[in-house]
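Inspection log for the structure reproduced underneath, given as structure tokens.
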Amino acid sequence: MRLLQHKTEAYWFYRVLSLVYDRWVNPLFWTPAMREAALAGAALDDRSLRTLDVGAGTGFTTEGIVEHVDAACVTMLDQSPHQLARARAKDGLARCAKVLGDAEALPFGDAQFDRYVSAGSIEYWPDPERAVAEAHRVLRPGGRALIVGPVRPANPLVRRLADAWMLFPSEAEYRRLLTAAGFADVALSPVAPAWYRSPRVPYGVAASGTKPAAGSAPPAPAPAPPRERLGAPLRGGERVRTAFRFAAGSLAGALFVPLAAVLALRERWERRRTA
Ligand SMILES: C[S@@+](CC[C@H](N)C(=O)[O-])C[C@H]1O[C@@H](n2cnc3c(N)ncnc32)[C@H](O)[C@@H]1O
């Protein structure tokens, strides 16, 4: 059902979540160690790389990017003004451009960037095929894309909750999305917080690919127009459905917080015991 895989619902979700995101939510699910390991897939090997961070939010991933790339070369894009307002308050990101916009309709010309990074945003995109095609379009030939996101859980109960909440692609789906958009050398590497134990599937992946040099591959087909637009007028029934999806989706998402908190406490306690 994927209650929050919609733009309006995600907008309201982050209207609320932005208040506690950096302090209470992110540290459980997306840590500096995970970020550093994941960013290796973006090959940020030159400080002058023009880098786009899509779904940049409060700028946690961008803070990792600016350790490798000059902040003035980095553009942050997000559809949530509330998340971007938090990023604006961070001194280390002051020189990054901040753009309000949609991952599925990037407000940039073709071949404008050397690197495309998106972490923890694909879950909310109603049309991920289109968003990945947009990543391909705005990259110059030879440019590299990195998409970090969660993987569909193996535990049937957790999977049900995840499926109700938002998009958790399988590893094969990440691969398919990047390949279908025209990326080559697609590679996946697992990412997980210290409390994650399941040997069955990774917690999340850092999926990367390179846009082939000009002329070495047929151009990817032009993406279809976005299926949803943030701010599109809602009629009576749709308003009720949106409110329901926002409330139920937020609840499903909120259930992951105590679950992760308990597992994180257990991991900390075990580490202390064996120290
Ligand atoms: C889990 S947060 C990740 C933020 C950041 N990348 C980080 O590492 O902390 C997901 C972000 O994706 C943004 N988002 C969701 N759908 C989007 C869309 N269609 N276009 C742009 N941003 C989107 C949300 O507003 C939110 O800030």
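The values are calculated or read from the model by the stated rules, or taken from the named source; none is laboratory data. Remember, predicted model here, so these are calculated numbers, not experimental data. All Cβ positions, even for glycine, are placed from backbone atoms using ideal geometry, and neighbour counts span all protein chains on display.
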Report task. Report yes if residue 213 is over 24 Å from the mean Cα position of the chain (by Cα), assigned to a loop (DSSP other than H, G, I, E, B) and in contact (Cβ under 8 Å) with a residue 60 or more places away in the chain, otherwise no. Result -> yes
Query raised in the report: For region 155-206, which residues satisfy the criterion of being over 15 Å from residue 259 (Cα atoms), among the hydroxyl-bearing types (Ser, Thr, Tyr) and not in a helix (DSSP H, G or I)?
Result: 170, 189
Query raised in the report: Can you name the number of the only condition in (1) buried (at least 21 other Cβ atoms within 10 Å of the Cβ); (2) modelled with pLDDT of 95 or more that residue 4 fails?
Result: (2)
Report summary line: Of the residues in region 105-115 that are in contact with a helix residue (DSSP H, G or I) (Cβ under 9 Å, 6 or more places away or on another chain) and part of a loop (DSSP other than H, G, I, E, B), the one that is surrounded by the most Cβ atoms within 10 Å (Cβ to Cβ) is 106
Report task. Could you please let me know if residue 241 is assigned to a helix (DSSP H, G or I) and out of contact with any Leu (no Cβ under 8 Å at 6 or more places or on another chain)? Result -> yes
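Residues are listed down the side, and each one gets a yes or a no for (1) touching a residue at least 24 places away in the same chain (Cβ under 8 Å); (2) of a type in the set (Lys, Arg); (3) surrounded by fewer than 16 Cβ atoms within 10 Å (Cβ to Cβ); (4) farther than 16 Å from residue 77 by Cβ:
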site	(1), (2), (3), (4)
130	yes, yes, no, no
134	yes, no, no, no
144	yes, yes, no, yes
156	no, no, yes, yes
166	yes, no, no, yes
169	yes, no, no, yes
**Report entry** Condition broken by residue 83, with the remaining ones in (1) at positive phi; (2) within 8 Å of the ligand (Cβ to nearest atom) satisfied
**Finding:** (1)
Query raised in the report: Counting only residues that are within 11 Å of the ligand (Cβ to nearest atom) and either among the acidic types (Asp, Glu) or out of contact with any Asp or Glu (no Cβ under 7 Å at 6 or more places or on another chain) (or both), which one in region 86-99 is nearest to residue 223 (Cα to Cα)?
Result: 99
Requested in this report: Can you work out which of the residues in region 46-65 that are among the acidic types (Asp, Glu) and more than 8 Å from the ligand (Cβ to nearest atom) is surrounded by the fewest Cβ atoms within 10 Å (Cβ to Cβ)?
Outcome: 46
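To keep it simple, each residue is scored yes or no on (1) at pLDDT below 95; (2) aromatic (Phe, Trp, Tyr).
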| site | (1), (2) |
| --- | --- |
| 138 | no, no |
| 143 | no, no |
| 147 | no, no |
| 152 | no, no |
| 174 | no, yes |
| 179 | no, no |
| 199 | yes, no |
| 203 | no, yes |
Query - Residue check, residue 43 at positive phi, more than 9 Å from the ligand (Cβ to nearest atom) and not β-branched (Val, Ile, Thr) - result: yes
Query raised in the report: Residues of region 93-104 being in a strand (DSSP E or B) and surrounded by fewer than 15 Cβ atoms within 10 Å (Cβ to Cβ), which ones?
Result: 97, 100
Requested in this report: Pull up region 66-80, narrow it to residues that are in a loop (DSSP other than H, G, I, E, B) and more than 8 Å from the ligand (Cβ to nearest atom), then point me to the one that is surrounded by the most Cβ atoms within 10 Å (Cβ to Cβ).
Outcome: 69
Query raised in the report: Of all residues in region 116-144, how many are small (Gly, Ala, Ser) and assigned to a loop (DSSP other than H, G, I, E, B)?
Result: 2
Report summary line: residue 151 vs (1) in contact with an Asp or Glu (Cβ under 7 Å, 6 or more places away or on another chain); (2) β-branched (Val, Ile, Thr); (3) within 24 Å of residue 19 (Cα to Cα); (4) more than 11 Å from the ligand (Cβ to nearest atom): all pass except (3)
